[in-house]
Amino acid sequence: MLVISSHKKLLLILSVLILVAGLMVWFTQIQVAEINSELNSPDVEAPAVIETTPTVDSTDEIWEQPDQNQLVEQNDEIEYSFTASEEMTAEELLDQSATVEYQDFGSAGKFVQSIDGVASNENYFWGYYVNGTFAELGVSQTQLQPGDTITFRYEKIEPLQ
């Protein structure tokens, strides 16, 4: 009969646990690599881009027409601001105010890709703000109250340092 001392049993158990933990890490790395290769595969379709052209009845006053001071162009900087006059999403207000293209990121919502033909690219993106605070949700997820102002700025992408 094989007799193992308690010290050796403890060492054996620790060795098995370390082996199991190592295998779990190895399998996780394999799964991450497979997911990354699937995401980079040319067979994966990009999210749909939705183009919207606003149609607003001239008698329907649910948004305020921006004046010339609200549309600013300075050295490649473009800014649009719109104020809601009733409860609505930022997407609804923007659709009524400009010609917009979106990219839908599912539960994160829709993000602006282009406003009035000015598109995001490798150097610029459309940042958007609600009452002066950078928005953390997509325009389709942001609920506005009467008096809330949304501002879209065509901003230069700054590299992380």
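The values are calculated or read from the model by the stated rules, or taken from the named source; none is laboratory data. In this text the structure is predicted, and so the values were computed from the model without any measurement. Methodologically, a virtual Cβ is constructed for each residue, glycine included, from the backbone with ideal geometry; neighbour enumeration extends over all protein chains shown. These area figures cover heavy atoms from the full protein model, side chains too; ligands, DNA and RNA do not enter into them. Shrake-Rupley method; radii C 1.70, N 1.55, O 1.52, S 1.80 Å.
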Query raised in the report: Taking the condition open to solvent by 40 Å² or more (accessible area, probe 1.4 Å) and within 19 Å of Phe82 (Cα to Cα), does Glu122 pass?
Result: no
**Report entry** Subset of segment 122-161 [without any contact (Cβ under 8 Å) to a residue 12 or more places away in the chain and either touching a helix residue (DSSP H, G or I) at 6+ places or on another chain (Cβ under 9 Å) or of a type outside the set (Val, Ile, Thr) (or both)]
**Finding:** Phe134, Glu136, Glu158, Pro159, Leu160, Gln161
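Within the group Tyr102, Tyr129, Tyr154, which residue is among the hydroxyl-bearing types (Ser, Thr, Tyr), more than 14 Å from the chain's Cα centre (by Cα) and either open to solvent by less than 40 Å² (accessible area, probe 1.4 Å) or at pLDDT below 90 (or both)?
Going through Tyr102, Tyr129, Tyr154 in turn, the sole match is Tyr154.
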Requested in this report: Go through the residues of segment 80-95 one by one and say whether even a single one is open to solvent by 40 Å² or more (accessible area, probe 1.4 Å), modelled with pLDDT under 90 and of a type in the set (Phe, Trp, Tyr).
Outcome: no
